[in-house]
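To start, the structure itself, in structure tokens.
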Amino acid sequence: MINYIKIYDIIGFKICWVLCAFSTKWEQPYLGPIVTLLFLLIHLAIVKFNDKDIKIISLAILIGLIVDSLFFRFGLIVYEGGVLANFKIAPLWILSMWGGFAATLLYSLNSIKNRYMVSGLIGLIGGPVSYNAGVQIGSIEIDEPLGYIMLAITWGAIIPCLFYVINNLESNE
């Protein structure tokens, strides 16, 4: 089952990421989140609604709400799409991406879960690259260079922290 969930999570998250990123451009800001919700519910059904998965996905969404809302409020990132964006709160489509990404951490990226430096480097580079893809699509704007620097620092810390929580949850099972 582990190999199937890895493949499902990688492919599913990529599809959800694209739909979330483009949904604002298509003026359908809730399309990506609805598909991501379905993706996450199927993921949770496959793993029999494992408490660890529910906790990590929920924690990631909460972190995303705080981090991306702060970036939005301080003008480091400008988001479009959905009602929350009107209040300078991270929109549902970016929060959905956080949840989908958390699912990939649990199985698809679990080979680096004990390698905090490697996961930090992945966050340091991958975070800004992923957000830059959103800029290229036109779904977000980032204040340069400060926004990218802050994204690198934030994601460089968040991924190892999430793996730390995952490891602690697994050791307590």
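List of remarks:
- Annotation: of all residues in the range 28-68 being out of contact with any helix residue (DSSP H, G or I) (no Cβ under 8 Å at 6 or more places or on another chain) and β-branched (V, I, T), the one that is farthest from S171 (Cα to Cα) is I34.
- The range 21-41 - residue that is outside any helix (DSSP H, G or I) and among the hydroxyl-bearing types (S, T, Y) and, of those, modelled with the lowest pLDDT: T24
Rundown of residues vs (1) closer than 25 Å to I15 by Cβ; (2) outside any helix (DSSP H, G or I); (3) not hydroxyl-bearing (S, T, Y), yes/no style:
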position: G75; (1), (2), (3): no, yes, yes
position: L95; (1), (2), (3): yes, no, yes
position: W98; (1), (2), (3): yes, no, yes
position: G120; (1), (2), (3): no, no, yes
position: G126; (1), (2), (3): yes, no, yes
position: M150; (1), (2), (3): no, no, yes
position: E173; (1), (2), (3): no, yes, yes
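- Against the test of being touching a strand residue (DSSP E or B) at 6+ places or on another chain (Cβ under 9 Å) and surrounded by fewer than 17 Cβ atoms within 10 Å (Cβ to Cβ), the options N132, N114, N86 yield a single qualifying residue, N132.
The values are calculated or read from the model by the stated rules, or taken from the named source; none is laboratory data. Keep in mind the model is a prediction, meaning the values are calculated, not measured. Note that each Cβ is placed from the backbone with ideal geometry, even for glycine, and that neighbours are counted across all protein chains shown.
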